[in-house]
Amino acid sequence: MSDQSNAHEAVIWAKQRLDDLDTMISEGEKTADKLKASASKEAEIALASLLESRHKLQKYHEELLAQADGAKRGAENIQDVIEAEWVEVETAFRSFLSAVEGHANTARDIVAARVKTQRQSWEASLKDLRHRATETVEKARFDLDAAIKRLSDQAETFQSRIGEAKDAGDESWKAVKSGLAEAKAVHDRTIQRIKDAFAGLL
């Protein structure tokens with residue numbers, strides 16, 4: 001996989017995390033007002049922790065975007081930092097859920113909203129992957145058609161040379177063999193470009 005592709009995937013992954021966290025914060029803020037005083041205090045502390053993590057994740061996401069065209073190493077380092085921060089997010093989220101444990105419907109609504117956001121992120125990623133796969137298949141189909149046409153044209157040339165070679169000597173056979181080797185090399189390069197295009201996709 002190319003460095004740019006890795007960086008692109010890291011940016012998408014970070015954006016999914018931000019979307020997930022935004023849902024947690026949004027639903028948590030809606031819920032905090034409905035809680036009793038003691039549970040409300042715990043929920044506010046957990047929400048503050050989520051908001052702090054949100055600011056950090058936004059900063060890391062922006063760094064990933066800035067480095068998307070840069071080296072793979074920078075993207076990997078930022079992704080490691082995001083993963084470490086995500087542990088804090090999950091811990092704060094669990095604390096929040098503990099604070100609202102007496103409100104089962106509220107907790108269920110928050111988790112349902114989070115699942116919905118995750119599903120939307122995954123669907124967007126899948127749609128992007130399908131789009132890139134379609135583009136790659138179309139390009140590969142075009143390259144393959146062009147290669148087959150070149151091979152067909154060269155085969156016709158080869159056939160005509162065979163007719164000429166029947167009456168000629170070793171020099172003509174060498175020319176025919178050279179033409180065949182050249183046609184095979186063109187075919188092999190085309191197939192390799194098609195393989196590389198698919199490898200770049202995934």
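Nothing in this text is a laboratory measurement; each read-out follows from the coordinates by a stated rule. Not measured: the values here are computed from a predicted model. For neighbour counting, all protein chains shown are included, and Cβ atoms are generated from backbone atoms with ideal geometry for every residue, glycine included.
Explain nothing, just compute: Karplus ³J(HN,Hα) = 6.51 cos²θ - 1.76 cosθ + 1.60, θ = phi - 60°, for every residue of segment 188-193 in order, whole Hz, x for Gly and Pro.
Result, ordered by residue: 4, 5, 5, 4, 5, 4 Hz.
List, in the order given, every pair from LYS139/LYS195; LYS30/LYS116; LYS149/LYS184; LYS15/LYS127; LYS15/LYS116; LYS15/LYS139 whose Cα-Cα distance in the structure shown is over 21 Å. Working shown, then result.
Details: LYS139/LYS195 11 Å; LYS30/LYS116 17 Å; LYS149/LYS184 13 Å; LYS15/LYS127 15 Å; LYS15/LYS116 15 Å; LYS15/LYS139 29 Å.
The pairs that break the limit, which is 21 Å between Cα atoms, are LYS15/LYS139.
Mind listing the phi-derived Karplus ³J(HN,Hα) values for segment 134-142, rounded to whole Hz, using 6.51, -1.76 and 1.60 with θ = phi - 60°, and x for any glycine or proline?
So the Karplus estimates, Gly and Pro as x, are 4, 4, 5, 5, 4, 5, 5, 4, 4 Hz.
Can you check what the net charge comes to around LYS116, using other residues whose Cβ is under 11 Å from the Cβ of LYS116 (Lys, Arg +1; Asp, Glu -1)? If you can, show how the numbers build up before the last one.
On the way: positive: ARG114, ARG119; negative: ASP19, ASP20, GLU27, ASP109, GLU123.
Its environment carries a net charge of -3.
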